[in-house]
Amino acid sequence: MPYKFIEHPADIAVEVDGNSLEELFKSACYAWREAAMNISSFNKESSKKFIFNGTTSEILLIELLSELNFQLYSKKWVFVTIQNLAIDKTDSEYHLEIELFGQTFHPEIHNMKEEIKAITYHQVKIEKVGNLYKTLIVFDV
Amino acid sequence: MNISGIEIEKVNDNLWEIPITGEMLVPGRIYASEKMFKETLQNDEAIKQVINVAHLPGIQKYSLAMPDIHWGYGFPIGGVAATDINTGVISPGGVGYDINCGVRLAKTSLNYNSIKNRIQKLVENLFNDIPTGVGSSGAIKKLNSNEIKKILRNGSEWAITNGFGSDEDLILTEEKGKIKDANPDAVSNRAIERGMDQAGTLGSGNHFLEIDIVDEIYDEKAATILGLFTNQIVIQIHTGSRGLGYQVCDDYLKVLVQSEKKYGFNLPDKQLACAPIKSEEGQNYLGAMRSAANFAWNNRQIIMHLAKKSFNRTLNISDAELNFSLIYDVCHNIAKIEEHIIDGKAKKVCVHRKGATRAFPANNNLIPDKYKSIGQPVLIPGDMGRYSFVSIGTEKAMEETFGSSCHGAGRVQSRHQALKAAKGKNLIDELTKKGIVIQAKGYKTIAEEMPHAYKDVSDVVDVMHNAGISTKVAKLKPVGVIKG
């Protein structure tokens with residue numbers, strides 16, 4: 001897996017990597033899902049598209065994961081697969097478009113692990129190390 | 001003393017100072033014992049966070065930390081900072097994601113011995129009556145956005161109007177359960193949506209409802225005024241603004257992180273994102289944060305009422321026999337505009353308390369009349385296997401900590417470490433042997449929240465007591481716990 005959960009004094013921290021910025025973002029989405037729940041089988045019931053803009057790639061990443069969090073806890077919807085994910089960069093802004101397939105989440109039936117209150121900005125720094133893009137992400141639980 | 005490369009000077013046995021270095025605007029001050037520094041603060045990033053907070057524009061006197069200090073986001077947990085309302089900033093990181101997370105303590109006229117054999121049933125019924133756990137919902141009917149906005153504006157008054165308690169409860173709640181100048185229009189539709197089915201729910205993590213007994217009294221006069229007696233059954237509720245508050249924090253961090261350049265701030269940590277108090281962003285956050293605080297007070301009010309009904313039904317006794325009533329409700333994650341004496345002059349400041357409890361002294365105008373002779377109750381929960389404390393605020397707190405004290409125990413083990421340590425143990429059995437009945441959504445929560453994952457809260461409370469910031473009134477011992 002292109003992510004690894006590491007020790008954190010109170011919350012959940014995960015190291016994520018990818019061969020490209022897009023791969024890193026995908027890995028982060030799957031890491032978020034694994035931190036939040038423990039379900040073995042998924043159904044692709046519906047699709048959703050989202051667009052985000054941010055002045056840095058870190059802000060874009062936090063925005064994306066925060067949206068997944070909102071979809072889960074408010075819309076009771078969880079993504080199953082990432083159909084398309086594209087990131088563009090202009091001089092002043094990053095732009096992300098994503099299409100997700102997912103399903104309705106039933107908290108009483110499915111196995112929710114932790115309530116992720118929020119995706120924090122703490123220590124998020126996307127860096128290219130060799131051929132890999134890497135960052136740490138901390139979920140407040 | 002040198003901790004992780006940071007020089008710390010001893011002021012006295014309970015107080016340590018970090019002198020100004022680099023771009024710090026004020027010194028840091030940490031209330032702690034030497035033992036705490038040696039045992040739990042050695043490699044804790046929280047000390048660095050005290051230094052980071054000292055960089056906030058407009059910060060006054062000191063960047064403070066209470067003895068339950070541990071690593072947070074931006075601010076350390078246990079952090080207190082006051083900023084000048086004209087030249088200073090407001091930072092969501094100084095409040096936290098769980099806006100107005102707080103504690104409520106209610107009393108009964110029951111003696112433990114008279115209901116000892118009913119605790120199991122009480123815990124079962126409380127667990128069924130009060131939604132707990134991840135994404136818990138449905139304590140009361142799902143509310144529409146208009147009703148949520150009424151809660152955001154009116155706080156606990158909404159609960160009272162809708163039959164969940166009495167007017168007396170408002171008097172005994174910090175800010176009377178309704179902080180002024182809340183602005184529901186500054187709360188996003190997303191945050192409102194997250195709160196629609198969460199009024200009256202406990203949530204997960206370290207949130208809980210406990211049945212406690214008054215185990216020991218240290219201050220007879222204050223205990224009498226608070227209505228506490230030995231072996232009495234009391235109820236503690238620890239929760240906050242749930243998903244609505246998390247979303248408000250999230251929404252405004254997004255705005256403030258992106259506006260850092262606009263105000264020319266160069267802060268050492270993105271989670272310290274802030275805006276001038278008088279700016280549009282600052283005022284909007286304050287209005288939204290106050291709205292979420294009102295949601296939290298209303299939440300604890302509903303839960304208390306549901307708990308009272310559980311007691312009535314389980315024990316089959318009348319309100320008069322039960323005499324279930326609120327002692328006090330405090331918040332420990334909030335920013336408030338208050339007046340404090342700085343350099344000999346009264347000054348309005350924005351006091352950020354992030355994992356810190358207001359601890360106002362006797363005769364302060366902002367505490368209920370019935371407690372004016374003793375000071376404001378400070379409620380400090382410990383872990384579920386040991387004890388919690390009731391203290392009262394002092395004049396010294398006003399002089400030294402902007403009227404603030406500690407809020408809890410603070411973790412010493414990560415959740416993962418706690419889970420590992422719990423392997424092979426039967427924690428429910430261990431708690432039962434101690435006379436504590438527990439019910440939780442899952443065993444994982446119990447393992448993560450096991451007593452030894454936390455500091456001994458008595459160490460924390462003693463530092464504040466010995467420093468004269470908040471003095472001990474009573475020790476509470478859990479006999480029944482429900483958790484998410």
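With the cut-off at 1.5 for a/c, could you classify segment B:343-390 from its C-alpha gyration tensor as rounded, prolate or oblate? Since a/c reaches 1.5 but b/c is at least a/b, the shape of segment B:343-390 is classed as oblate.
Based on the alpha-carbon gyration tensor of segment B:171-221 and its eigenvalue square roots a ≥ b ≥ c, which shape applies: rounded if a/c is under 1.5, prolate if not and a/b is larger than b/c, or oblate? Since a/c reaches 1.5 but b/c is at least a/b, the shape of segment B:171-221 is classed as oblate.
Scattering from the C-alpha atoms of segment B:1-50 alone, worked out with Debye: what is log10 I(q)/I(0) at q = 0.29 1/Å? Per q value, in the given order, log10 I(q)/I(0) is -1.30. Less than 17 Å from a label point 7 Å out along the Cα-to-Cβ axis of B:E395: which backbone N atoms in segment B:455-478 qualify, by residue? Label zone hits: B:467-471. In terms of surrounding Cβ atoms within a 10 Å radius of their Cβ, B:I367, B:I192 rank from fewest to most as B:I367, B:I192. Counting every pair of alpha carbons in segment B:51-199, the share spaced more than 19 Å apart comes to 69 percent.
In terms of Cα to Cα distance under 17 Å, which aspartates and glutamates are near enough to B:K278, apart from those fewer than 8 places away along the same chain? Straight-line reach from B:K278, under 17 Å: B:D84, B:D181, B:E260, B:E338, B:E339.
Computed from the alpha carbon positions, the gyration tensor of segment B:140-237 leads to an equivalent ellipsoid with semi-axes of 32, 16, 12 Å, biggest first.
For the listed residue pairs B:K345/B:K455; A:K113/A:K134; B:K221/B:K347; B:K372/B:K483; B:K308/B:K475, the alpha carbons are over 27 angstrom apart in B:K345/B:K455; B:K221/B:K347; B:K372/B:K483. When the Cα positions of B:A65, B:T132, B:V481 are compared along the charge dipole of chain B, B:T132 comes out farthest toward the positive end, with charges on each C-beta of Lys, Arg, Asp and Glu. Each label was represented as a point 7 Å from its Cα along the Cα-to-Cβ direction; for B:R118 and A:T56 these points are 5.8 nm apart. When all alpha carbon pairs of chain B are counted in 10 Å bins from zero, the resulting P(r) reads 4, 22, 32, 28, 12, 2, 0 %. Restricted to Cα atoms, segment B:406-484 shows a radius of gyration and a Dmax of 14.3, 42 angstrom. Relative to its Kirkwood radius, the Cα radius of gyration of segment B:308-443 gives an Rg/Rh of 1.08.
Electrostatic bookkeeping for B:S156 treats Lys and Arg as +1 and Asp and Glu as -1; over the other residues with beta carbon under 11 Å from its beta carbon, the sum is -2. For the cross-link pairs B:K176/B:K354; B:K176/B:K444; B:K121/B:K178; B:K309/B:K336; B:K141/B:K176; B:K270/B:K420, the ones whose C-alpha atoms lie over 30 Å apart are B:K176/B:K444; B:K121/B:K178; B:K309/B:K336; B:K270/B:K420.
Note that segment B:412-458 shows a convex hull volume over its alpha carbon atoms of 75 Å³ per residue.
The convex hull drawn around the Cα atoms of the protein assembly as shown, when projected onto a plane and averaged over every direction, covers 26.5 nm².
Over the residues of chain A, compute the C-alpha Rg and express it relative to 2.2 N^0.38 Å.
Values: Rg = 14.5 Å, N = 141, 2.2 N^0.38 = 14.4 Å.
Taking N as the residue count of chain A, the ratio is 1.00.
For B:E193, B:E399, the sequence from fewest to most other C-beta atoms within 10 Å is B:E399, B:E193. For Cα pairs less than 8 Å apart in space and 6+ apart in sequence, what is the mean separation divided by the residue count of segment B:70-223, i.e. the relative contact order in percent? Normalised by residue count, the contact order of segment B:70-223 is 26 percent. Any idea how far the Cα center of segment B:280-326 sits from the one of segment B:197-213, in Å? What the calculation gives is 11 Å, centre to centre. For segment B:1-131, the Cα gyration tensor yields ellipsoid semi-axes of 38, 20, 13 Å (square root of five times each eigenvalue, largest first, whole Å). Counted by neighbouring Cβ atoms within 10 Å, the residues B:H55, B:H407 run from fewest to most as B:H55, B:H407. Note on B:N426 and B:K10: the model spin-label points, each 7 Å out from Cα along the C-beta direction, lie 4.7 nm apart. Take the Cα of B:E321, go 7 Å toward its beta carbon, and the backbone nitrogen atoms of segment B:106-132 under 19 Å from that spot belong to B:107-123, B:125-126.
Dividing the convex hull volume of the alpha-carbon atoms in segment B:212-292 by its residue count gives 175 Å³ per residue. Computed from Cα atoms, the angle from the helix A:21-36 axis to the main principal axis of chain A rounds to 30 degrees. Principal axis analysis of the Cα atoms in segment A:6-53 yields extents of 37, 28, 20 Å, listed in decreasing size.
All of the numbers you see were taken from the coordinates with simple rules; none came from a lab. What you see is a predicted model, and the numbers here were worked out from it, not measured in a lab. With ideal geometry, Cβ positions are generated from the backbone for all residues, glycine too; neighbour counts draw on all protein chains shown.
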